[in-house]
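Engineer: Please find one structure pasted underneath; my questions will follow.
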Amino acid sequence: MNPRDLELTLAAARPVGTCPPGEEAAWTEQVRARAIHLYTLADTVGQDLQRLDAAKQFTSTLLSVSVEDTSTRGLLVVRNTSGELEHLRTDRGDTEVGRAMVERARALLGHRLRVYRVNEQMAGNPKMQVRTVVHLADYGSDTDPVHEHSAKENVLAAAEGDIDAARRAWVVAGLPESGSVSITQLVAALAEVPNAGAR
């Protein structure tokens, strides 16, 4: 037996406990099932860590989360430290990882984050790449005011240059005509932009 298999077996046997007399077959099956679970878990975690190792890291504030109907991927809009918007995608929402990332992102709207992003080839077009978020580290709510000009540029960018749609989103969200706005207000304005997360 190689050392890895022995370690896995011992790690699986500990929570199962001592084998009761006469129940060797059931005990063995419990240990075997746990060992296999630990092995496959380690394989999955290893793949996750490889993606993290390859990821580009940057700090940004999460402004919008939506789900694309066709791919079920989460679509995230973040505001980077230079004030520009960046569009990111999660893994597919019909996977456990993708679903969990969408739910985590929804809970982090308006938060400053450390984003771990990888560029991955699109399945349907290998020449195209998508920016896929693989981890979000939460730094707490972003309480810095956003200058009026920068905020209006962000809403216009989310509206893909449609001035009327941007103005309507600004007004419906109740943002002031002049002066800086909060991240919470900017999140509210982007929520009023049709298809703000689509890209």
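The values are calculated or read from the model by the stated rules, or taken from the named source; none is laboratory data. Computed from a predicted structure; not experimentally measured. No Cβ is skipped: glycine too gets one built from the backbone with ideal geometry, and neighbour counts run over all protein chains shown. With ligands, DNA and RNA removed, areas are computed over all heavy atoms of the protein, side chains included. Shrake-Rupley method; radii C 1.70, N 1.55, O 1.52, S 1.80 Å.
Engineer: For region 5-43, which positions are among the polar types (S, T, N, Q) and open to solvent by 70 Å² or more (accessible area, probe 1.4 Å)?
Structural biologist: Passing the criteria: 18, 28, 30.
Engineer: Assess whether residue 80 counts as being closer than 21 Å to residue 182 by Cα and of a type in the set (S, T, N, Q).
Structural biologist: yes
Engineer: While we're here: So is residue 60 open to solvent by less than 20 Å² (accessible area, probe 1.4 Å), assigned to a strand (DSSP E or B) and not aliphatic (A, V, I, L, M) or not?
Structural biologist: yes
Engineer: Turning to a different aspect of this structure: Report yes if residue 79 is of a type in the set (Lys, Arg) and in a strand (DSSP E or B), otherwise no.
Structural biologist: Spelling it out, residue 79 is indeed of a type in the set (Lys, Arg) and in a strand (DSSP E or B).
Engineer: Of the residues 118, 78, 31, only one is modelled with pLDDT of 95 or more, touching a Ser or Thr at 6+ places or on another chain (Cβ under 8 Å) and among the hydrophobic types (A, V, I, L, M, F, W, C); which? Let's see the steps before the verdict.
Structural biologist: Working: 118 fails: modelled with pLDDT of 95 or more; 31 fails: modelled with pLDDT of 95 or more.
Of 118, 78, 31, the one residue that is modelled with pLDDT of 95 or more, touching a Ser or Thr at 6+ places or on another chain (Cβ under 8 Å) and among the hydrophobic types (A, V, I, L, M, F, W, C) is 78.
Engineer: Can you tell me which condition residue 79 does not meet? The list is (1) more than 19 Å from residue 155 (Cα to Cα); (2) open to solvent by less than 50 Å² (accessible area, probe 1.4 Å); (3) in contact with a helix residue (DSSP H, G or I) (Cβ under 9 Å, 6 or more places away or on another chain), and all the others hold.
Structural biologist: (1)
Engineer: Are there any pairs with C-beta distances below 9 angstrom linking a residue in region 138-166 that is farther than 15 Å from residue 81 by Cβ and modelled with pLDDT under 95 to a residue that is open to solvent by less than 20 Å² (accessible area, probe 1.4 Å) and of a type in the set (Ser, Thr, Tyr), with the two at least 6 apart or on different chains, and if so which?
Structural biologist: Matching pairs, first to second residue: 158/64.
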